[in-house]
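Just below is one structure, and these are the notes that go with it.
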Amino acid sequence: MSSISIRAPNVHASEASDCVPANDFIVGTWHVTHSTLPLWKDKRNVNITYELLPADSAGVQKLDDLVQYQGIDSEKIKSVHGVDTPALGNPGAWDWRGKGWLMIASSHWECLGFGHTDDENRWIVTYFAKTIFTPAGIDIYSRNKEGLSQSTVDQILDALKEVGVRELTDLANSVFEVPQN
């Protein structure tokens, strides 16, 4: 596997990053295998499916964002649906807005790093800014439901700490595994 590179979230960066994943890397289903977000503490089988929406009249390419998950002891699949709009002046960042009754909810998220493992599993590290409902946090996504090797997870966490931003170090130190079965 190539060396892992992580960037600081825009709120901690002096300039926007040009190291961002292409839409075709992001599109598809990702499994949230590790997180710091309290809302995933009692959940399992968390996955996010991104689909490209037709460009709007201004040429902006938005993403349909469908999150599905189960409670630890539940067979019922729940979902949260929204739309991600690219954040102006911040490549690799999006502003999420809920659909339907969640239309009042919004959040900002950024891709801090991405890549693939030697066995061609892909991964993404996302940062979520604090909202009125959730603290700031990070998620580690894996294209494969089985997740990433512990070695890869450790390398990602080390890279987060090496950015030199206390918030990322604190988050990396509080990552927990999200069960996938």
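Brief remarks on what is shown
- Only residues that are part of a strand (DSSP E or B) and open to solvent by less than 30 Å² (accessible area, probe 1.4 Å) were counted in region 20-30, giving 2.
- Residue, most open to solvent (accessible area, probe 1.4 Å), within region 142-181, restricted to residues that are of a type in the set (Lys, Arg) and part of a loop (DSSP other than H, G, I, E, B): Lys145
- Close contacts from region 94-110, counting a first residue that is among the acidic types (Asp, Glu) and a second that is at pLDDT 90 or above and open to solvent by 40 Å² or more (accessible area, probe 1.4 Å), with Cβ to Cβ under 7 Å and a gap of 6+ residues or different chains, come to Asp95/Thr85; Asp95/His108.
- Lone unmet requirement of (1) β-branched (Val, Ile, Thr); (2) surrounded by fewer than 19 Cβ atoms within 10 Å (Cβ to Cβ); (3) in contact (Cβ under 8 Å) with a residue 12 or more places away in the chain for Ile132: (3)
- Within region 39-63, the set of residues being aliphatic (A, V, I, L, M), open to solvent by 60 Å² or more (accessible area, probe 1.4 Å) and either touching a residue at least 60 places away in the same chain (Cβ under 8 Å) or not in a loop (DSSP other than H, G, I, E, B) (or both) comprises Leu39, Leu52.
- Options Asp73, Asp65, Asp56, Asp84: the member that is under 19 Å from Ser142 (Cα atoms) and charged (D, E, K, R): Asp65
The values are calculated or read from the model by the stated rules, or taken from the named source; none is laboratory data. Just so it is clear, the model here is predicted, and its values are computed rather than measured. So basically every Cβ, Gly included, is an ideal-geometry build from the backbone, and we count neighbours across all protein chains shown. Surface areas here come from the heavy atoms of the whole protein model, side chains and all, with no ligands, DNA or RNA. Shrake-Rupley method; radii C 1.70, N 1.55, O 1.52, S 1.80 Å.
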